[in-house]
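Only one structure is covered here, and it is reproduced in the block below.
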Amino acid sequence: MANKKVHTSALLEKAGIPPPESISSSVVNEIQQFRKVQPTSKELVDGILNGNVTALSRAITLIESTNATHVEKANEVINACLPYANKSVRIGITGVPGVGKSTFIEAFGKYLTGLGKKVAVLAVDPSSTISHGSILGDKTRMEELVKDKNAYIRPSASGETLGGVARKTRETITLCEAAGFDTIIIETVGVGQSETAVHSMVDFFLLLKISGAGDELQGIKRGIMEMADAIVINKADGDNIKKANLAKTEFNRALHLFPAKKSGWIPTVSTCSAITKEGIEEVWKTILKFLEVTKENNYFFEKRKVQNLFWMMETINEQLKLNFYNDPEIQKLLDSTKKAVTTDEISPFAAAQLLLKKHFKK
């Protein structure tokens, strides 16, 4: 019987020739050693003021931490950066999931960097209530903007924070401004009843909508509509142009039913396509006109003062909450008190009062 011919694949490796390493072990070691070295507050501040995005990223990570030593160090960095902040335009962008926020922000951001602007995008991703994780995929979706040397994208998890923003977004704005970014864009989680906190930290609030998503006037909460300084109907391209223009007309009619804004600004409605870039320039012109009107009547500056007071109170509330749950006595009592509540041995209100008295008795 003749021997069968053995067919070998050209893809087979030859014995004795190991495959090359996919990752350089020396580079990995270098990165690990670098991360172990914790920069001082001064080193972080110097890096931020020099526009070093690595120092900026490490400082943001520091302020997002709840570790007590990190909180103290973060406050030092923020206080040192404050004199160099407040020199940017802060733009909040919200809209229902699927409206194209990331695509719009990339097109808008590229337009602004083309004008010579330095753009920081603070993108907030929703955290799972089950796994408590977030995808944080905004850098992947904004693949052109992320490569732009005049842009910086920082995705953060919303955590347990309501209002469509991350717990430390307000402080992050300060650091980005100190690093020289003159346009700060905050992308929120999405539209809902609690998606309003972003309004308390931005100058201009932009609401993105799409046409053909049902009843145009009932599709979103009235509260968001009342806060919007401009409504932009996105995805106005191809066969969708006619629908987008119809939605624009309907929203214009709806806006006339709302009370006048304290800012003296009359909200606008426009259409755009983040794909074809049609209407992107008009959005920026609208923002510039808004800034002109509100700075002239002093509303812009008064609003920022009110926002600072609001975030002082929010910080106090947050710190009180952290102090309560980090209290060793409370940690000992919490589980047994929870059990007593679930077995109806004590009411939830009485249990809460008991724990609070225990904490504040010190």
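Every number in this text was worked out from the coordinates using simple rules, so none of it is lab data. None of the values given here were measured: they were computed from a predicted structure. Counting neighbours? That spans all protein chains shown, and the Cβs are built from the backbone with ideal geometry, glycine included.
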For this session: Mind listing the long-range amide H neighbours of Gly95? Cut-off is under 5 Å, sequence gap 5 or more, other chains count too, H placed in the peptide plane at 1.01 Å from N.
Result: Gly190, Val191, Leu208
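Which order, highest average first, do 227-236, 313-322, 64-73 follow once you tally other Cβ atoms within 10 Å for each residue and take the mean per peptide?
In decreasing order of mean packing, 227-236, 313-322, 64-73 become 227-236, 64-73, 313-322.
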Exercise. Using a simple spin-label model with points 7 Å from Cα along the Cα→Cβ vector, what separation in nm is obtained for Ile316 and Leu49?
Worked result: 3.1
Exercise. If the limit is 30 Å between Cα atoms, which of Lys73/Lys339; Lys101/Lys149; Lys209/Lys261 go over it?
Worked result: Lys73/Lys339
For this session: Specify whether the C-alpha gyration tensor of the stretch 37-80 places it in the rounded, prolate or oblate class, a ≥ b ≥ c being the square roots of the eigenvalues: rounded for a/c under 1.5, otherwise prolate if a/b is larger than b/c and oblate if not.
Result: prolate
Exercise. Quick one: if you stick a label point 7 Å off each Cα along the C-beta vector at Ser25 and Ile266, how many nm between them?
Worked result: 7.1
Exercise. Near the amide H of Ser156, under 5 Å away, which other amide H atoms are found, from residues 5 or more places off or on another chain, if H is placed in the peptide plane?
Worked result: Ala123, Val124, Asp125
Problem set entry | Inter-site label distance for Asn252 and Val293 at 7 Å from Cα along Cβ, in nm | 1.5
